[in-house]
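Working notes for the structure below.
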Amino acid sequence: MPGPFSLPPAVDQFDQAVDRAWDTIRGNPVADRVFYAASEMGDFGLIWMGVAALHAIGGDPRQGRALLRLAAALGIESLIVNQGLKRLFRRERPSWAEGERPHGLRQPSTSSFPSGHSTSAVTAAILIAQTSPLPPAILWGMAGVVATSRVHVKIHHASDVIGGLMVGAVIGTLLERAIPVR
């Protein structure tokens, strides 16, 4: 059953064009390995919690607080996206031909728009960058790979990823201000 909101037909045309272009690298062993691994590590924010936990291992109380803030933030982000926005749109996920889906990735039960992996990636990159010793470019590069992995593995449309990036930027910025790490 469709939700109360839908995306305009031009969005579907954009998604189809991106999907056709992306087909040129699907099946490449290196691209598949990178994007499927990134997609799996993005499940439930595991990659982001891992990065924050590694920072906290050093015993810096600020990093410990940053880890707790990230856990709370990803919970809030997930609630907003999965129980809020996805229910408003209820968009169908990309389709695969029979027997075509490789690698046995977990199949989300929520709708496609917006991408939760993209939303959590941007939210986490904003929050982790505030206290991380890593250069922000590394965190943003990781976020980009996790987000685009969802197009590569055909679990999201490109517009779902773009929507998720925008939602994540808003959520991350608001939570960075609402839950400061002192």
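Confirm whether Val11 is over 15 Å from Arg150 (Cα atoms), among the β-branched types (Val, Ile, Thr) and over 18 Å from the mean Cα position of the chain (by Cα). Here the answer is yes, as Val11 does meet what is asked.
Apart from one condition, Ser109 fits all of (1) over 14 Å from Ile47 (Cβ atoms); (2) assigned to a helix (DSSP H, G or I); (3) of a type in the set (S, T, N, Q); the exception is (2).
Please verify whether region 146-154 includes one or more residues that are in a loop (DSSP other than H, G, I, E, B), more than 22 Å from Gly50 (Cβ to Cβ) and touching a residue at least 40 places away in the same chain (Cβ under 8 Å).
yes
How about region 49-64: which of its residues are of a type in the set (A, V, I, L, M, F, W, C) and either outside any helix (DSSP H, G or I) or more than 22 Å from the chain's Cα centre (by Cα) (or both)?
Once the filter is applied, which keeps residues that are of a type in the set (A, V, I, L, M, F, W, C) and either outside any helix (DSSP H, G or I) or more than 22 Å from the chain's Cα centre (by Cα) (or both), region 49-64 yields Ala56, Ile57.
For every residue, the table says whether it meets (1) within 24 Å of Val122 (Cα to Cα); (2) touching a helix residue (DSSP H, G or I) at 6+ places or on another chain (Cβ under 6 Å); (3) part of a helix (DSSP H, G or I); (4) of a type outside the set (D, E, K, R).
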position	(1), (2), (3), (4)
Ala10	no, no, yes, yes
Arg20	no, no, yes, no
Gly27	no, no, no, yes
Ala31	yes, no, yes, yes
Ala38	yes, yes, yes, yes
Asp43	yes, no, yes, no
Ile47	yes, yes, yes, yes
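Flag set for Ile162, criterion: aliphatic (A, V, I, L, M) and either part of a loop (DSSP other than H, G, I, E, B) or more than 18 Å from Asp43 (Cβ to Cβ) (or both). Within the option set Glu92, Glu176, being in a helix (DSSP H, G or I), more than 12 Å from the chain's Cα centre (by Cα) and surrounded by fewer than 22 Cβ atoms within 10 Å (Cβ to Cβ) holds for one residue only, Glu176.
Determine, yes or no, whether Asp43 is of a type in the set (D, E, K, R), under 23 Å from Ala143 (Cα atoms) and under 18 Å from the mean Cα position of the chain (by Cα). Let's see the steps before the verdict.
Working: of a type in the set (D, E, K, R): yes; under 23 Å from Ala143 (Cα atoms): yes; under 18 Å from the mean Cα position of the chain (by Cα): yes.
Yes, satisfied.
Scan region 54-73 for residues that are surrounded by fewer than 16 Cβ atoms within 10 Å (Cβ to Cβ) and touching a Lys or Arg at 6+ places or on another chain (Cβ under 9 Å) and the total you get is 1.
Leu165 - would you say it is out of contact with any Asp or Glu (no Cβ under 9 Å at 6 or more places or on another chain), within 17 Å of Trp48 (Cβ to Cβ) and modelled with pLDDT of 95 or more? Answer is yes for this residue. Select from region 112-165 the residues that are among the β-branched types (Val, Ile, Thr), in contact with a Lys or Arg (Cβ under 8 Å, 6 or more places away or on another chain) and surrounded by fewer than 24 Cβ atoms within 10 Å (Cβ to Cβ) and write down the one among them that is farthest from Ala10 (Cα to Cα). Selected residue: Thr131.
The values are calculated or read from the model by the stated rules, or taken from the named source; none is laboratory data. Note that the structure is a prediction, hence the values are computed from the model and not measured. Every residue, glycine among them, receives a Cβ derived from its backbone with ideal geometry; neighbour counts consider all protein chains shown.
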